[in-house]
Structure formats: C-alpha cells, structure tokens
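Read-outs throughout are calculated quantities, based only on the coordinates presented, and are distinct from any laboratory measurement. Everything quoted here is computed from the prediction, not taken from an experiment. Cβ placement follows ideal geometry from the backbone for every residue including glycine, while neighbour counts extend to all protein chains displayed.
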Amino acid sequence: ERGRLSRLRHTPAVTLDGQKVELLANIELPDDAEAALRAGAVGVGLFRSEFLFMGRQGNMPDEEEQYLAYRRAVEGMQGLPVTVRTLDVGADKPLDEGHRDEAHLNPALGLRAIRWSLAEPEMFRTQLRAILRAAAHGRVNMLIPMIAHATEIRQTLSLIDFARAELDNRGIAYGEVPVGAMIEIPAAALSLRTFLKYFDFLSIGTNDLIQYTLAIDRADESVAHLYDPCHPAVLRLVADTISECRRQGKPVSVCGEMAGDTQFTRLLLGLGLRSFSMHPAQILAVKQEVLRADAGRLEAWAREVVDSEDPSVALGA
Ligand code: PEP
Ligand code: MG
C-alpha cells in the first residue's frame, strides 16, 4: 500500500469533477520541511512554533534564533508557503516540566496560546519580528491560536503593526505576511463575522474545537470515549465556518486531526473544504481519497450527515 501510494506523490490533488484541493503539512521543527516535501505537500499549513520553545527550562529562543529557524523552514519548502503559528503553550503543551500548570484548576481554560502571548508582549513582539523577517525569504503566513475576543484580535493586530514599525526603525528587511486565526474555540466559530472582518484567512483546529465544544479534556483517558469528532454540534461548527468563508471568498483550511483522517475526507470535501493540513505521513492516503471523490455529488450527502442525529452512523464510520 505504501509503495503504491508513493506513486501519487507528484499527482495533483484534484477530484473527479475537477476541484483542486490543497494538501498541506503540519510540522513541528524546521527540518520537518524535508518530510513535507517528500510527502508531496504543497506547503506547510501549520508550523507549531512552540516546539522551538519547549524543554528549555524557560530559556526562550531570542529573535535571531527564531528568525533563523523560521527562515530555515521557509527555505526548506523551496518557494512553497509556510504558515507559522505563534506560540501555543499551556495546558497540554507546557514549556517544560517545571512549567507544568498545577496551580490552576483548569489550565486548558487558562492562560495559554494567544492569551499567554498578549500577557507577555515583549516576548510576543520578539516572535512577531522573527516571523516577519523570515518572510523576506519566501512565502509566510502567520496564524494566531486560541483567539476568541474582538479585543484580543485588535490587540494582536496592533502588536503586529508595532513589530513592523520596530523593524522599519532598525532598518531590517521583512516581508508581507497575511495573518489568519485558528477557529478552535466555539465562541470563535460563532462570531465569524468579526473574524472575517479582521483576518486574511482562517484555519479550523478541530482538536481543540472538539475539546471545547464537548467539554471533554483531550488528554483525559477517562473521557476519551466521549471525544467525538462526529458530534452534530462539532460538525455544524466546522460546516458553518467553511461555508461562511467560501461565501465571503476567504481562504479556510482544517489543520486538526480530522484533516488527516481518511474517514472524514469525503465529508469535508462535501462541505466545501479545499484545503487540508495534516501530518506528512497522512498526505498520500488523503490524496487517494480526493482523487476518488466527486465533490459536487458529495454536497447534499454531507449536509445530510451534519443534520443527522448520529452522523457517525450516516458516515459509515
Ligand atoms: C487543533 O487544536 O486542532 C490544532 C491543530 O492545534 P493543536 O493540536 O496544536 O492544539
Ligand atoms: Mg489547538
């Protein structure tokens, strides 16, 4: 199977009815760009930058170290786009064991991701400058994790402007960087109008979206059986986000585990998704599903699945 799939590496991901689909890679470190290219990814849809920060006993990478790491990923992708997500630490992603959050009752609901970055603006601006500088060497998008409030959006965008002004003042080169938001908190999926007003693109993080929609800790084994991507509420949030973005002509992708799970490829295509980001090892299997799918014909069926009482049965999953 692997050998047969590997022949699809250079085959464009196009459905039977001629719909072009973008298959992107999720990476953790700059050197993963090589695996992404080998798998036939047409870009990096999610570079989880927190891996540069983790396990260093609180010693943060400075601007130069971060710039070189982002640049390395960008150059590694040889002209293909790289979406760098700003730091997403806290809860299931502690900076290191010393930072594991035992002081708070609900760390997943606490100071994590963009909330942490906005609480540490110096650190955040250092990362923003490094990302902007890497964009002088190729196509870079910036992705903001765990954002829900209009105030957070405006604060984030003004810090990005400030970081650009700092580089201008220092006479340092940087590039154009479209800015997007992760849709991974139900509140964000339910206030798309605000998100679409401010952001250039959206990326749906189904891992956290499932956790927060269903109130199921994604790391808690004792409730793992209730962690259900097929819950109608989850599917409705995903479906509405995709259709609203398409209506407004804004790029949207899914970068959570659902995007790399072949059980969901046809459903997501039917809901109108044309951009999937996943672990490089999953790309060829998803491509095979794309090549076999008739996206137009899947539309009505996908709506029925989302509206059914038990979508996992309707899906045949
Ligand atoms: C997600 O939440 O779906 C996601 C892609 O981000 P992470 O798994 O890193 O939280
Ligand atoms: Mg997430």
Exercise for review: Could you grab me the full set of residues in region 128-149 that are of a type in the set (Gly, Ala, Ser) and farther than 13 Å from Arg115 by Cα?
Suggested key: Ala130, Ala134, Ala135, Ala136, Gly138
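Which residue is farthest from Pro12 (Cα to Cα), if the candidates are limited to region 282-299 and must be small (Gly, Ala, Ser) and touching a helix residue (DSSP H, G or I) at 6+ places or on another chain (Cβ under 8 Å)?
Checking each candidate, the answer is Ala295.
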Revision key, fill the gap. Taking region 179-199 and keeping only residues that are in a loop (DSSP other than H, G, I, E, B) and in contact with an Asp or Glu (Cβ under 9 Å, 6 or more places away or on another chain), one is left with Glu184, Ile185, Leu190
Point to revise | Pick from region 200-211, criterion outside any helix (DSSP H, G or I) and surrounded by fewer than 23 Cβ atoms within 10 Å (Cβ to Cβ), ranking: farthest from ligand 2 (Cβ to nearest atom) | key: Asp200
Check your understanding: Out of the residues in region 14-71 that are within 18 Å of Val82 (Cβ to Cβ) and among the polar types (S, T, N, Q), which is surrounded by the most Cβ atoms within 10 Å (Cβ to Cβ)?
Key -> Ser49
Check your understanding: Inside region 137-157, can you point out the residues that are over 14 Å from Gly79 (Cβ atoms) and more than 16 Å from ligand 1 (Cβ to nearest atom)?
Key -> His149, Ala150, Thr151, Glu152, Ile153, Arg154, Gln155, Thr156, Leu157
**Study point:** Test for Thr241: is it more than 13 Å from ligand 1 (Cβ to nearest atom) and either more than 29 Å from Thr11 (Cα to Cα) or outside any loop (DSSP other than H, G, I, E, B) (or both)
**Key:** no
Check your understanding: Does any residue in region 1-28 that is touching a residue at least 60 places away in the same chain (Cβ under 8 Å) come within less than 9 Å, Cβ to Cβ, of a residue that is loosely packed, with under 13 Cβ neighbours inside 10 Å and part of a helix (DSSP H, G or I) six or more places away or on a different chain, and which pairs are these?
Key -> Thr15/Arg292; Leu16/Arg292
